[in-house]
1. Could you give the length gained by full extension between Lys29 and Asp3, i.e. 0.36 nm per residue of separation minus their alpha carbon distance, to one decimal place?
2. Please sort 6-14, 49-57 by packing, taking for each peptide the average over its residues of neighbouring beta carbons within 10 angstrom, highest first.
3. Length gain on complete extension for the stretch Arg17 to Ser41, per 0.36 nm per residue less the alpha carbon to alpha carbon distance?
Amino acid sequence: MKDQRIMALVRKIRGGRTQTQFAKMLGTKQGSVSYWESGKSLPTGTDWCRLGNVATDPADRMICWEKAGIDLSVLAGANVAPLGEALLNDVEALFAQHLQTTKNALNCSFGELMDQLASIVKGGAL
């Protein structure tokens with residue numbers, strides 16, 4: 001069954017960009033964006049992370065990152081607003097690094113990723 005909420009979320013994040021422009025921005029194919037928007041398939045964990053990184057609405061970012069499997073509870077109470085784009089880039093970089101070092105990405109835990117992200121936020125490394 002097609003999840004209308006996911007289809008609408010992807011369309012909302014894409015905004016006024018064409019599917020081709022949006023796909024290029026995400027590092028994926030236009031056909032993938034079309035499939036997500038039509039409900040034929042779902043974004044992968046990496047795709048969800050990237051969708052969260054380009055979303056302009058903070059609530060949409062959180063939804064996407066949670067769908068990527070990222071436990072955002074480690075950021076509870078942290079003031080991440082001033083970190084802006086640097087935090088978004090680090091989330092994607094840490095996610096990509098974690099996936100590369102994990103043999104089975106579908107069953108991986110994101111605890112290590114979130115520990116690293118929490119140390120960046122708390123340590124003011126950005």
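1. Length gained between Lys29 and Asp3: 7.3 nm.
2. With the highest mean Cβ count within 10 Å placed first, the list reads 49-57, 6-14.
3. Details: separation 24, 0.36 × 24 = 8.64 nm, distance 2.02 nm.
Difference between extended and current length: 6.6 nm.
Each reported figure results from applying straightforward, stated rules to the coordinates on display, with no laboratory input. Being a predicted model, the structure only gives us computed values, none of them experimental. Every residue, glycine as well, gets a Cβ built from its backbone with ideal geometry; the counts of neighbours run over all protein chains shown.
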